[in-house]
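Read through the structure below, which is laid out as structure tokens, and then see the notes.
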Amino acid sequence: MFHTMLGTPCFHEKEAIGEIRKVIRAIEPEVIIELGTKHGGFTKYLQDFTDSDVSIYSFDHIEYESKEGFTPRVEFFVADLLSATLQEVVSLCSSNKRKLLYCDNGNKIQEVKAYAVHLKEGDVLGIHDWGTEISYSSVEDVLCKFKPFMNEDFEKNGWKTRFWKRGPNDKNTDSLHNVQ
């Protein structure tokens with residue numbers, strides 16, 4: 001955990017932020033769906049790393065006070081994502097726009113299983129707390145349709161973020177390497 005320039009807590013490794021920026025720039029998403037806003041520290045980076053026409057939707061079950069420095073393209077929602085699948089998130093994930101779904105809420109395994117299945121080919125799934133709260137084997141039934149995406153530096157440095165790109169709807173055997 002570290003504090004952003006605005007003093008907002010960000011619960012990621014500070015050293016990983018530059019690599020996350022590279023991944024987001026490579027994806028060029030039209031829509032970002034963030035599950036787990038908390039104080040909005042990571043949300044601010046999502047805004048800063050994307051073009052001004054990218055829509056960002058951030059969901060959390062608790063409304064935190066700190067929301068400074070955001071443009072109108074960032075929308076915050078207080079919603080329970082885990083008791084039942086939230087149709088608003090499913091609709092966003094199912095859209096035809098190029099998306100990044102970033103799972104960092106209360107139960108990453110459940111989030112991936114409920115929402116990542118709605119992503120389309122070419123969309124990217126980001127997951128935080130990899131190796132501590134979630135692993136490949138815990139969501140293999142979903143990730144078998146995805147390929148690791150730009151994870152080398154995250155793995156090499158022991159950072160807890162991983163990205164996966166949705167591929168063809170068949171068993172993806174080359175995604176089984178370096179999935180720890």
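The values are calculated or read from the model by the stated rules, or taken from the named source; none is laboratory data. Keep in mind that what you see is a predicted model, and the values were worked out from it rather than measured. Glycine also receives a Cβ, built like all others from the backbone with ideal geometry; neighbour counts cover every protein chain displayed.
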*May I ask you to list the residues in the range 125-156 that are outside any loop (DSSP other than H, G, I, E, B), of a type in the set (Phe, Trp, Tyr) and over 13 Å from residue 103 (Cα atoms)?*
136, 146, 154
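For every residue, the table says whether it meets (1) among the small types (Gly, Ala, Ser); (2) closer than 13 Å to residue 70 by Cα.
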| site | (1), (2) |
| --- | --- |
| 17 | no, no |
| 24 | no, no |
| 41 | yes, yes |
| 49 | no, yes |
*residue 165 is checked against (1) part of a loop (DSSP other than H, G, I, E, B); (2) at pLDDT 95 or above; (3) not aliphatic (A, V, I, L, M) and fails just one. What number does that condition carry?*
(1)
_As an exercise: evaluate residue 171 against (1) at pLDDT below 95; (2) crowded, with 21+ Cβ neighbours inside 10 Å; (3) among the charged types (D, E, K, R) and give the number of the one condition it does not meet._
(2)
_Yes or no: the range 135-154 includes at least one residue that is under 19 Å from residue 92 (Cβ atoms), of a type in the set (A, V, I, L, M), surrounded by fewer than 22 Cβ atoms within 10 Å (Cβ to Cβ) and modelled with pLDDT of 95 or more._
yes
